[in-house]
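What follows is a short report on a single structure.
The values are calculated or read from the model by the stated rules, or taken from the named source; none is laboratory data. All values derive from a computational prediction rather than experimental measurement. Cβ placement follows ideal geometry from the backbone for every residue including glycine, while neighbour counts extend to all protein chains displayed.
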Amino acid sequence: MTRDSDSFSIDDKLTSHWPLPDNGARQITPKPLLKQLSSHILAKDLHPLGVGFYPKATGHKMLRSEHTNYLLIYCSAGNGRIRIGENTERITIGDLILLPPSILHEYQADDQLPWSIYWLHFDGELAEEYASTIRTEGYRANIGLQHALIEHFERLFNMRERGISVSTYLTICAQVKLLLLTASILSKRPEVEQTSHNSLHDAIDYMRNHVDEDLHLEQLASLCNLSKFHFVRKFKTFTGHTPIQYFIQLKIEKACRLLDNTQLSIKEISAQLGYPDSLYFSRLFKRVLGVSPKNYRQLHSA
């Protein structure tokens, strides 16, 4: 099922009307809501106009002779190119593009290896200030394959599926700020060698698939053919967290899903995540989120 919130007419300046596949997403902020957000104290500083994900976007292209908002594009796979004025640049995996208003531009996916891109149009009274925190050379920065950034985009899609309301979109506005904060932090880090991307990606996938186990650095480092020291250093550059910190966050994220969506006891959830000591799990949960699992469930069921 596609995630195309197209019940309101799509603004040609925001989207290319590229045919959306089942695993793609395109969500445009309805104009009546946008008017309310533009004057709301919690959203007028920054709000999304549209957000989307175009996977393996064969034939995707866009030309804008008018542009009145900020556009963030993140390439998570494949290749493409962008032309700004007389300059044309090749876009590849890990490239982050930030285009301010009034910059005329044209971009398209590569014919042989089309890109997969996440995109966000945003505006607001402080949009320029938010955008200025993202460091680019010209309009592009290579930040590598960053799952943290992808997860922020995915959260935006999931939030929008809760319905169309001011309260939902106020939450979405807050998530957009977190997304831009993540992009800002990542844009200021040194690049990770491209040869490291795939192996680190494999290590992250392994963590996700074994989130209920007790993993060791030796296991993860061996997946990347690295020593423990070099694995930890490269992983932290790549994600912003040590492997252990990242793995704990994955466990806590799964714990939150189980607390939200099941009636499992905290002891049962703790055991599912590989923590036989539920008291230790509860202390760890509180250290990460600031509330105990019990209080988290009470807050989210209210």
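Brief remarks on what is shown
- Candidates are the residues of segment 188-198 that are surrounded by 15 or more Cβ atoms within 10 Å (Cβ to Cβ) and either in a helix (DSSP H, G or I) or polar (S, T, N, Q) (or both); the one that is modelled with the lowest pLDDT is 196.
- Residues of segment 231-265 that are under 17 Å from residue 149 (Cα atoms), β-branched (Val, Ile, Thr) and in a loop (DSSP other than H, G, I, E, B): 242 alone.
- Segment 52-64, residues that are in contact with a Gly (Cβ under 9 Å, 6 or more places away or on another chain), on the phi < 0 side of the Ramachandran plot and in a loop (DSSP other than H, G, I, E, B): 55, 57, 60
- Annotation note: Cβ proximity below 7 Å between a residue of segment 74-89 that is within 9 Å of residue 109 (Cα to Cα) and of a type in the set (Asp, Glu) and a residue that is outside any strand (DSSP E or B) and modelled with pLDDT of 90 or more (sequence gap 6+ or interchain) occurs for no pair.
- Subset of segment 75-106 (residues that are crowded, with 16+ Cβ neighbours inside 10 Å, in a loop (DSSP other than H, G, I, E, B) and either outside the structural domain of residue 183 (by TED's automatic domain parsing) or among the hydrophobic types (A, V, I, L, M, F, W, C) (or both)): 93
- Within segment 265-281, considering residues that are surrounded by 14 or more Cβ atoms within 10 Å (Cβ to Cβ) and out of contact with any Asp or Glu (no Cβ under 8 Å at 6 or more places or on another chain), the one nearest to residue 294 (Cα to Cα): 266
- Checking the stated criteria, residue 137 turns out to be farther than 24 Å from residue 235 by Cβ, surrounded by fewer than 20 Cβ atoms within 10 Å (Cβ to Cβ) and among the charged types (D, E, K, R).
- Candidate set: segment 107-119, residues that are hydrophobic (A, V, I, L, M, F, W, C) and under 20 Å from residue 183 (Cα atoms); chosen: the one surrounded by the most Cβ atoms within 10 Å (Cβ to Cβ): 115
- Evaluation of residue 70 against the conditions (1) more than 21 Å from residue 182 (Cα to Cα); (2) touching an Asp or Glu at 6+ places or on another chain (Cβ under 8 Å) shows that the sole unmet condition is (1).
For (1) at pLDDT 90 or above; (2) of a type in the set (A, V, I, L, M); (3) over 23 Å from the mean Cα position of the chain (by Cα), each residue gets a yes or a no:
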site	(1), (2), (3)
238	no, no, no
257	no, no, no
261	no, no, no
265	yes, no, yes
293	yes, no, yes
296	no, no, yes
299	no, yes, yes
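- Selected residue [outside any helix (DSSP H, G or I) and of a type outside the set (D, E, K, R)] from 185, 117, 172, 150: 117
- Test: residue in segment 235-252 that is loosely packed, with under 14 Cβ neighbours inside 10 Å and in contact (Cβ under 8 Å) with a residue 24 or more places away in the chain: no
- Residue satisfying all of: in segment 26-51; of a type in the set (Val, Ile, Thr) and in a strand (DSSP E or B); modelled with the lowest pLDDT among these: 28
- Residue match in segment 51-58 (condition: assigned by TED's automatic domain parsing to the domain that holds residue 162, among the basic types (Lys, Arg) and more than 16 Å from residue 127 (Cα to Cα)): yes
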